[in-house]
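Beneath this line is the structure, given in structure tokens, with notes to follow.
Every number here is computed from the coordinates shown, using simple stated rules; none is lab data. Bear in mind that the values here come from a model prediction, so they are computed numbers and not experimental data. A quick note on method: Cβ atoms are made from the backbone with ideal geometry, for glycine too, and the neighbour counts reach across all protein chains shown.
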Amino acid sequence: MGCMGQSAEFGKFLKAMRSRLSPEDAGAEGTAGTRRVPGLRREEVARLAGVSTDYYIRLEQGRNIHPSRAVLDSVSRALRLDVSEHAHMMDLLENCAATTRPPGTAQSVRPALRHLLEAVGDVPALVLGRRTDVLAGNRMASLLFTDFLALPAPERNLTRWLILDPRARELFRDWKTIAADAAGALRVDVGRHPNDAQANQLVGELAVRSEHFRQWWAGHRVATRSAGSVRLHHPAVGDLELNFENFVLPDDPDQAFRVYSAKPGSPSADALALLGSLGADARPEQQLFSAEAVPPAAPDS
């Protein structure tokens, strides 16, 4: 399992998960004395997980130990990790930043997938790659969000746009939740690919320019949603409530086909149709591209 137990990020993640739980939340009996830090104490987690306090301390410090799956599962239960958080914890153990790996190949979209984007032309659809780079999108996605193909290549990233572009804040009625989930998804990606220079550069820029992002990142928030809904207020057609589905590609798990749709016959469906008719003359050509570096952008207001 790679460099099991040697990841500093793994220890930071455990500490962040521990700090968010109270003894009552975790079902632990509180120990006496004033708490200097929020959340569970390390000895409380150790007791809940059935390991010694010394062992858990070494685990949280990222020391060179090799915990078994049974121990990791016990720690996960003690910290009340959900499925996504547990998977992220394992990624941090198995994909340490010190591991030498060959550089990744450029991301590309298969022609058949481009044709599928065109076939679902009545609803917004995107192909997302590593770091939520927008690898391709159809006309409706450009009309609903922004024309990613018109942006400089380094800026074609959904998370970057969501967090730094003021128009995204105006578009998403639940912007803070949507942006926080995007930051959580980026953390999952970094956990799987810790040596990705572009991802680390993106994280660095977002941390410098967004106070919200700094808080989410410091809390080790993890988010992976394969489906959900978003509430939007579009300047041209008003309010919409859309469902989205992420379809991970079997031959490339780092790519996902994301489609947004409205309930048939709903006001949102009418608004989406109106948006399509208003932008009937705007037909950005489908392209393939790969994001490179992340340029500066405006900070949080």
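Some observations on this one:
- The fewest-to-most ranking of THR224, THR132, THR146, THR53 by surrounding Cβ atoms within 10 Å reads THR53, THR224, THR146, THR132.
- Residue-count net charge about HIS88 - beta-carbon cut-off 9 Å; Lys, Arg +1, Asp, Glu -1: 0
- An oblate overall shape is assigned to the stretch 160-251, the ratio a/c of its alpha-carbon gyration tensor axes (a ≥ b ≥ c) being 1.5 or greater and a/b not exceeding b/c.
- Normalised by the number of residues in the stretch 111-278, the average gap of Cα pairs under 8 Å and 6 or more apart makes the relative contact order 23 percent.
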